[in-house]
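The next block holds one structure in the form of structure tokens; read it before the comments.
The values are calculated or read from the model by the stated rules, or taken from the named source; none is laboratory data. What you are looking at is a predicted structure, and each value in this text was computed from that prediction instead of being measured. All Cβ positions, even for glycine, are placed from backbone atoms using ideal geometry, and neighbour counts span all protein chains on display.
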Amino acid sequence: MTDSEQNLAVLPKKKLHVMNLIWLLVFIVGLVISTNETHTNLSALFANFDQFGDIFVQMLHPDWSYLGSVIPLLLETIKMAVLGTIIGSVLAFVYSLLIARNIVKNKIVTSVLRFIMNIIRTIPDLLLGAIFVAIVGIGPVAGILALSIFTFGVVVKLFYEAIETIDPGPIEALTAVGANKLQIIMFAVLPQVMTYFISYCLYAFEINVRASTVLGYIGAGGIGLYLQQTLQVFDYGKTGTIIIVIILVVVLIDYVSSKSREALMD
Amino acid sequence: MNTSIKKLPAKPVDYKKRIKYSVLTILTIALIIWSCTGIDFGGIKATAGQIAGAIFAGIFHPDWSYVYNGSGEDLVSELWQTICIAFLGTFISAIISLPFAFWAAHTKHKHWYVSRSGKIVLAVIRSFPEIVLALMFIKAVGPGSAAGVLALGFHSVGMLAKLFSEEIENLDDGPNEAVAAAGGSKFNITMFATLPDLLPALISNTLYRFDVSIRSASVLGLVGAGGIGYPLIIALQYRQWNRVGIILLGIIVMVVVIDWISGAIRKKLI
């Protein structure tokens, strides 16, 4: 065997990365700790699996006579999602213009406003719902307010990034002819970002429809209320009806909105 | 003087576009008006402002004694439990997601209906509300964090497997062909070409899902599936605004820190 043939016969050795081993170790330790902490025991699941399966089977036999009382609350859910999206998006629109660094040059203002936005973004929608139920009482208004704040967080983040990546040419052109801030925003910024804004609003609407279906569980209006009632009295046939209706609506709205988003972006 | 320079040419009018936009605008406005009907805005409690003020006061004067008192029911232990729920739930869902992802990825099948059916199954799993899953698991394993772990583990599959399958679809065919050319079996191809190529994307998506799960885990407690949500809803019901304040602060700090860490790791991965 010549030298080069020998080289070909032996594959290059894989390098052992110490860091990978450490990561693996950290990961396994994390797994053990969290299993202990949460007392997760798969045997308990399998021991009671027939009960779990039982619920499932009952849900698969939906009680269609219940549909009549589900529809009004379903419409309320969609109304909540629409209003929450609109209010949140309008707030987000103004706020995004205030924190985009290519429009507002004052670094202190933008930094403070961004910090506030980042804090708002961290609060999950259901927690917002729970808080608003405490503030304005049980009902759809709490849900709308929660969804508004939540939408605000989603849209601001996406929209201000879109504003910051626009072409600076038109802004410079308008500045050169002596336009004021409002005119610059109207004629240079908005035409470039409006389609993005509408697309993000639609995206937020999709999320909101999902979120609004469960908000009722904590008293913030919509179909979630029936979810809670039927689960409490173990009427899983009715729960099944509600869930099937929710899934249908969510899938339908997702489809329509993602199609319109695609059409918008062309 | 030649005036034609001062006048701009008239904008061309695209009637088709104009009609399309006006119809869409009218539809949108109609939708908004319809949404406003039937919703009772007058029902806001007179005490709303006062309570909102109390919550804000609570956030700025949090109940520091609750942070740690060694009882195992303080903020730190509950947050720790929330993180553990999210960690284990994400891990379980990452494992379940893999076969689903291969099912839903269209590049792996000859027949279109195989991957399409996989995608539909994932969409249904995604739209099954997390809270309902949590309540079902509470029935099965009793109230507590185990129910939260299982609910998260199953719910996340819908989103995670979708992301995974998109990664599989975007994969370069080269390495697969190389292993096949060297005489590798189907198992060899998956083990030595597909999975190593996929791994960074899988880890990155799982980390992203972990971020989302942290938020979910802090919510599942509202229905009794363990974690920080439970003490929060109790504090809200008993109007202990100082405690609500400190719990909210705790959740915000936890989410920000975890977002930051996982973002740093993801940046390193890609």
One residue from A:Ile218, A:Ile171 being under 30 Å from A:Asn106 (Cα atoms) and out of contact with any Asp or Glu (no Cβ under 9 Å at 6 or more places or on another chain)
A:Ile171
Filter the helices (runs of 4 or more DSSP H) completely within region B:62-165 down to those with at least 2 residues that are of a type in the set (D, E, K, R) and within 13 Å of chain A (Cβ to nearest Cβ).
B:112-127, B:130-141
What is the one condition in (1) surrounded by fewer than 20 Cβ atoms within 10 Å (Cβ to Cβ); (2) in contact with a helix residue (DSSP H, G or I) (Cβ under 7 Å, 6 or more places away or on another chain) that A:Thr85 does not satisfy?
(1)
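Let's see how each residue does on (1) more than 27 Å from B:Pro231 (Cα to Cα); (2) in contact (Cβ under 8 Å) with a residue 40 or more places away in the chain:
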site: A:Pro72; (1), (2): yes, no
site: A:Gly88; (1), (2): yes, yes
site: A:Asn118; (1), (2): no, no
site: A:Ile138; (1), (2): no, yes
site: A:Val141; (1), (2): no, yes
Just one of B:Ile265, B:Ile247, B:Ile203, B:Ile270 is within 22 Å of the chain's Cα centre (by Cα), crowded, with 22+ Cβ neighbours inside 10 Å and within 30 Å of A:Phe115 (Cβ to Cβ); which is it?
B:Ile247
Are any residues in region A:219-243 of a type in the set (A, V, I, L, M) and over 24 Å from B:Ser35 (Cβ atoms), and if so, which ones?
A:Leu231, A:Val233
Go over the candidates A:Leu91, A:Leu67, A:Leu98, A:Leu73 one by one and state the one that is hydrophobic (A, V, I, L, M, F, W, C) and within 14 Å of chain B (Cβ to nearest Cβ).
A:Leu73
Boolean, B:Ser213 is within 21 Å of B:Ile96 (Cβ to Cβ) and hydroxyl-bearing (Ser, Thr, Tyr):
yes
Failed criterion for B:Thr25 (all others in (1) farther than 30 Å from B:Gly174 by Cβ; (2) surrounded by 13 or more Cβ atoms within 10 Å (Cβ to Cβ) hold)
(2)
Selection within region B:234-269 - aromatic (Phe, Trp, Tyr) and free of Cβ contacts under 8 Å to residues at least 40 places away in the same chain
B:Tyr238, B:Trp260
With more than 14 Å from the chain's Cα centre (by Cα), at negative phi, facing another protein chain (nearest Cβ under 10 Å) and crowded, with 23+ Cβ neighbours inside 10 Å as the only criterion, which of A:Ile198, A:Ile246 stands out?
A:Ile246
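Let's see how each residue does on (1) within 13 Å of another protein chain (Cβ to nearest Cβ); (2) modelled with pLDDT of 90 or more:
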{"residue": "A:Ile138", "(1), (2)": "yes, no"}
{"residue": "A:Leu145", "(1), (2)": "yes, yes"}
{"residue": "A:Ser148", "(1), (2)": "yes, yes"}
{"residue": "A:Phe152", "(1), (2)": "no, yes"}
{"residue": "A:Leu158", "(1), (2)": "no, yes"}
{"residue": "A:Met186", "(1), (2)": "no, no"}
Complete set of residues in region A:230-243 that are out of contact with any His (no Cβ under 7 Å at 6 or more places or on another chain) and either surrounded by 20 or more Cβ atoms within 10 Å (Cβ to Cβ) or modelled with pLDDT of 85 or more (or both):
A:Thr230, A:Leu231, A:Tyr236, A:Lys238, A:Thr239, A:Thr241, A:Ile242, A:Ile243
